[in-house]
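For reference, the structure discussed in these notes is given below.
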Amino acid sequence: MSAIVSVTNVSKIYKLGKTEVPALRGVSLEIDQGEFLSVAGPSGSGKTTLLNLVGCVDTPTSGSVVVDGKDTTALSERALTSLRLDSIGFIFQSFNLVAVLSVFQNVEFPLLLQGRLGKKERADRVNGLLEAVGLGDHARHRPSELSGGQRQRVAVARALVGRPKLVLADEPTANLDSQTGANIIDLMRDMNRKDGTTFLFSTHDQKVLSHANAVIRIADGQLLGRETVARAG
Amino acid sequence: MASPVGKIRILLGIAGRNLFASRARTAIIGAILLLGTALVVAGSSLVESVDRGMRSSIQGSLGGHLQVYSAASKDELALYGGMGREPLLEPIVDFARVKEALSRVPNVKRVVPMGIDQALVAGGNQLDIGLEKLRADVRFLEGGDRSAELLRRYEAHKSHLRRMISLLWDELQASRALADDQLIRDRKQANEDLARASSPAFWDGFEKDRLGSLEFLENRVAPQAMEGTTTFVRYVGTDIDAFMEAFDRAYVVEGERVPKGQRGILLGKWYAEEYLKLKSARRLDKLKDARDYQRRTIAADAELQRWVKENQSQLNEIQMQLDPLQAEEAVARLQKGLGSSEKELGKLLSELLRTSDADFDHKYRLYYEQLAPLLQLYSIRVGDTITIKAASRSGFINSVNVKVYGFVHFRGLEKSRLAGVMSLLDLMTWRDLYGYLSREQSEEMTALRAAAGTRQVSRENAEAELFGGGGGVEAVSQKAARIDEAAVLADIGGRKKSDDLFDRVYTQEERDRGVALNAAILLRDPSRLRQTQAELEKAAPGLGLKVVDWQKASGLVGQSVSLFRMVLYTAVLIIFAVALVIINNAMVMATLQRVREIGTMRAIGAQRRFVTAMLLVETAAVSLLFGAGGAGLGAFAVWLIRALGGIPAGNDQLYFFFSGPALLPTLGTTSVAISMALVLVVSLISGFYPALIAMKVSPVEAMASDD
Ligand SMILES: Nc1ncnc2c1ncn2[C@@H]1O[C@H](COP(=O)(O)OP(=O)(O)OP(=O)(O)O)[C@@H](O)[C@H]1O
Ligand SMILES: [Mg+2]
């Protein structure tokens with residue numbers, strides 16, 4: 001299998017005034033197409049930093065991050081944005097839906113930015129995904145009319161609608177109760193199986209971890225190792 | 001190509017929904033924009049309408065499109081008067097040359113010579129008229145006529161005169177009570193003369209020396225009655241025919257136009273109403289106007305009550321006019337009209353003028369229908385010859401006699417003092433008053449005077465004397481200009497001398513050759529005013545002239561519209577500056593609240609320009625929406641004002657600005673365009689900073705957890 005993401009000897013140092021905070025220290029990592037990968041580690045260990053670098057919303061202080069064959073350190077801000085739009089889907093801890101748009105419009109939003117599909121194709125794709133996440137009859141609702149779990153399902157649909165190769169999720173279950181969180185992970189897992197979309201998500205939750213097929217352990221900005229999860233069932 | 005449409009749709013959708021989601025904020029911003037635009041639209045429409053009204057007033061009554069005057073002038077031209085006095089202008093020595101040169105510019109239609117000044121007018125004097133009648137009677141008596149009819153008339157005229165003098169005496173005694181010692185000492189001689197004239201001894205001795213007594217009355221008493229009836233007249237010396245053609249608002253309301261090329265004056269009708277009319281009649285008119293048009297009542301208005309009181313206490317002006325026979329008739333008519341058995345005229349008049357809201361209309365009619373025909377309502381009548389005195393250029397008091405041919409009004413400006421106070425004086429008479437002599441003219445004059453020896457050249461026939469009546473050179477003898485007031489007053493009987501001058505017809509050439517102070521220029525195509533002004537300016541320096549447009553030429557009056565406009569624009573500026581700050585603040589706050597949303601969009605793949613546009617569209621949408629609404633509101637206000645009859649011209653100044661009794665504003669397309677442009681600029685400026693914030697939002701913001 002070919003690597004969709006390769007992180008090589010990456011360091012990220014945040015500057016807080018005069019003091020420097022090293023968030024990542026010499027991290028190297030390869031993610032293959034179709035993986036369903038979890039990042040685990042204590043608070044402040046650098047999970048979010050790692051995801052931001054892989055997600056092309058931030059660039060490393062040193063080292064290289066190659067996503068979908070492109071070296072992000074060499075790309076302009078505009079090119080990075082285009083890369084995110086076309087190749088990466090995002091799921092956020094606090095769902096981050098656009099409050100004033102309906103469920104349908106939220107999911108449609110990346111397609112409008114891409115501007116490749118006509119109205120009908122967009123509608124078909126959005127409705128298909130809403131069916132898939134179990135919200136077929138909530139298309140006209142506003143995010144505020146949905147539960148947390150439902151909102152995160154909308155977010156999953158939005159992340160997948162542009163058919164990205166990679167979906168990143170930073171603690172997608174942190175704002176959900178454990179049962180709902182587990183359901184979301186299952187949903188992601190289904191999508192991963194169905195279209196082979198690569199998933200990388202971070203979590204604190206041991207129960208959630210058990211759903212991943214591999215876990216990267218991170219502590220103090222350094223990779224501790226990578227272990228394959230023995231599937232419970 | 002689904003992308004741009006879809007993107008714009010989503011931008012508008014997000015903007016609309018955001019505006020709706022934060023209704024309170026939108027409402028505040030909207031209200032400010034709504035009122036701001038409404039104010040701009042309505043306000044600038046009003047100012048434009050005033051501008052149009054005033055332009056029409058000035059252009060149609062005195063200003064024309066452009067004006068020229070000597071570049072050497074100390075002051076600037078001010079057609080409606082400067083700061084408390086007429087501006088000092090250097091004369092245009094040879095108007096004919098100026099007219100010829102300016103007429104060569106193709107767009108110039110007409111050049112009208114002008115000279116504006118103020119002068120004292122000795123209004124018709126009742127005592128004079130009485131004396132004239134008596135003198136005629138005396139002449140017949142001295143000639144040996146002893147008919148009963150003559151004697152009856154003679155006695156009536158004599159007793160009328162005696163009564164007038166005794167009324168004058170009473171008046172003087174009344175004013176003595178108020179005057180200070182110095183004034184009484186100054187007036188000692190006059191006082192003694194009047195005392196003598198009102199004494200029974202004087203009248204007992206009248207028959208012994210009729211001519212001597214008459215002379216005494218004419219020389220020593222009549223001048224005292226004169227003072228009260230002297231008024232200031234503001235006039236434009238002009239080629240009256242050219243003036244009437246050029247200024248379509250001017251029309252003769254009574255009498256006739258001065259015959260072509262002749263000397264004469266058309267008195268301003270407004271001036272006549274205000275200054276020449278019997279005070280009681282004028283006050284009745286004002287009362288009627290206040291009651292009928294301003295809906296005021298005598299009962300509730302202190303000013304109207306004051307007019308009624310003044311009317312009752314100033315009966316002399318009426319009584320002076322009535323000789324005993326007329327007085328008898330007046331008593332009979334008033335007894336009937338008032339249903340009274342009172343026999344004393346004074347009491348009847350007092351009763352007539354004691355008007356209340358209930359009987360005003362009846363008494364007003366009674367006054368005009370029954371009493372007025374017995375009276376001379378205006379102290380100057382069509383056909384009268386009046387004496388005008390003004391300070392000439394050389395500083396001497398100059399005086400001319402001129403015949404009143406009629407009264408002139410300015411259409412649509414009938415109640416405006418600014419326009420209506422103006423009288424039209426023929427150019428030749430004006431030049432006599434102005435007293436300008438060119439160097440050749442004064443040399444010629446000196447030579448002629450030497451040839452004539454020591455003989456005095458009187459003012460009235462100076463021209464005939466000097467140039468045999470046909471020279472066409474305008475000149476006034478410096479010697480003759482040195483006329484003091486006493487000489488003028490003594491001169492009243494001698495008006496006949498100038499009759500031949502009054503009948504003379506001056507050719508166009510004669511009228512053009514000579515002095516003017518300024519000239520109005522009327523254009524064929526007024527829309528090309530600026531170009532023509534530039535063309536004239538090129539020609540002007542060679543002639544020593546300055547060219548100004550009508551607005552500048554009108555002086556303070558023209559500047560008042562600029563003042564209105566400045567006030568309005570300042571208000572607009574303040575409103576929009578406040579709007580800018582408020583909108584900007586509100587949008588910045590809103591943007592800061594949406595940092596995570598913007599970050600999310602950026603993370604998902606929205607480019608910077610998308611989120612920037614999103615913010616700008618939002619401000620632009622709210623601005624355009626409420627801006628258009630405000631423009632509509634302003635347009636509605638303008639329409640409403642029109643529908644309700646306009647803004648009434650509360651005073652005569654406004655009458656002039658509004659060019660009529662009410663301002664009927666029209667919606668200016670430029671006002672709407674300007675206001676929309678302003679709103680757009682304000683919204684773009686106030687949306688700029690929030691958009692900048694949005695642009696700087698990093699996609700990392702999306703990851704931040706809120707709690
Ligand atoms: N923008 C920033 N500026 C300065 N320091 C930062 C910034 N973002 C993260 N850090 C620091 O970098 C280190 C790694 O932070 P990171 O958010 O990646 O940890 P995390 O593993 O995601 O923690 P958590 O589980 O609490 O989300 C921490 O010490 C954090 O304080
Ligand atoms: Mg984190």
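None of the figures in this text is laboratory data; all of them are computed from the coordinates on show. Bear in mind the structure is a predicted one, so any value in this text is a computation, not a measurement. Cβ placement follows ideal geometry from the backbone for every residue including glycine, while neighbour counts extend to all protein chains displayed.
Side notes on the structure shown:
- Unsatisfied cross-links (Cα-Cα over 30 Å) in the set B:K269/B:K538; B:K158/B:K279; A:K12/B:K696; A:K15/B:K7; B:K269/B:K336; B:K133/B:K347: B:K269/B:K538; A:K15/B:K7; B:K269/B:K336
- Couplings for segment B:269-284, taken from phi via the Karplus curve 6.51 cos²θ - 1.76 cosθ + 1.60 with θ = phi - 60°, read 5, 4, 4, 4, 4, 6, 10, 9, 6, 3, 4, 5, 5, 4, 5, 4 Hz in order; Gly and Pro are left as x.
- The packing ranking of peptides B:4-10, A:35-41, B:239-245, B:61-67, highest mean first, is B:61-67, A:35-41, B:239-245, B:4-10, where packing means the average number of other beta carbon atoms within 10 angstrom of each residue.
- Along the axis of the charge dipole computed for segment B:126-227 (Cβ charges of +1 for Lys and Arg, -1 for Asp and Glu, origin at the Cα centre), the listed residues B:H157, B:L214, B:L167 are led at the positive end by B:H157.
- Order of B:S416, B:S392 under a 10 Å beta carbon neighbour criterion, fewest first: B:S392, B:S416
- Sequence-distant residues sharing a close amide H with B:D384 (under 5 Å, placed H): B:V404
- Note on the protein assembly as shown: antiparallel DSSP beta bridges, both residues inside, total approximately 70 percent of the bridges counted.
- With R₀ set to 22 Å, the beta-carbon distance separating B:V578 from B:R23 gives a calculated FRET efficiency near 0.55.
- Among the DSSP helices (H) of chain A, none spans at least 24 angstrom by Cα along its long axis with an average Kyte-Doolittle hydropathy of 1.6 or more; this is a geometric and hydropathy rule only.
- Chain A: most fluctuating residue of A:S87, A:S43, A:S64 per GNM, C-alpha cutoff 10 Å: A:S43
- Within straight-line cross-link reach of B:K74, lysines at Cα separation under 16 Å, skipping those fewer than 8 residues along the same chain: B:K546, B:K552
- Shown is the FRET efficiency for A:R116 and B:L624, computed with R0 = 30 Å from the Cβ-Cβ distance and rounded to the nearest 0.05: 0.45.
- Net charge dipole size for the protein assembly as shown [Lys, Arg +1 and Asp, Glu -1 on Cβ; Debye, nearest 20]: 2800 debye
- Restricting attention to chain A, close to 55% of DSSP beta bridges with both partner residues there are antiparallel.
- For chain A, the Cβ-based charge dipole about the Cα centre amounts to some 320 debye (Lys, Arg positive; Asp, Glu negative; other atoms uncharged).
- Remark on A:L29: its backbone amide H falls under 5 Å from those of A:V7, A:T8, A:N9, a criterion applied only to residues 5 or more positions apart or on other chains, H modelled at 1.01 Å from N.
- Proximal lysines to A:K165, defined as alpha-carbon separation beneath 16 angstrom and excluding residues fewer than eight positions away on the same chain: A:K70, A:K194
- Rounded tilt (10° steps) of B:302-313 against the dominant C-alpha axis of chain B: 0 degrees
- Out-of-range pairs (alpha-carbon distance over 22 Å; input B:K277/B:K415; B:K277/B:K309; B:K109/B:K403): B:K109/B:K403
- Model label points for B:K260 and A:S144, set 7 angstrom from Cα along the Cα-to-Cβ axis, are 8.6 nm apart.
- Once you reduce segment B:37-107 and segment B:503-562 to the center of their Cα atoms, the two points are 8 Å from each other.
- Net +/- balance of residues flanking B:L375 in space, Cβ distance below 14 Å, scoring K and R +1, D and E -1: +1
- Adding -39500 (n - 2.57) for every DSSP H run of four residues or longer, then dividing by how many residues chain B holds, sets the calculated 222 nm ellipticity at -18000 deg cm²/dmol.
- At an R0 of 60 angstrom, the distance between the Cβ atoms of A:S76 and B:L529 translates into a FRET efficiency of 0.55.
- Amide H contacts under 5 Å for B:V253, placed H, 5+ residues apart: B:F407, B:V408, B:H409
- Computed about the Cα centre, the dipole magnitude for segment B:296-377 is approximately 120 debye when only Lys and Arg (+1) and Asp and Glu (-1) carry charge, each at its Cβ.
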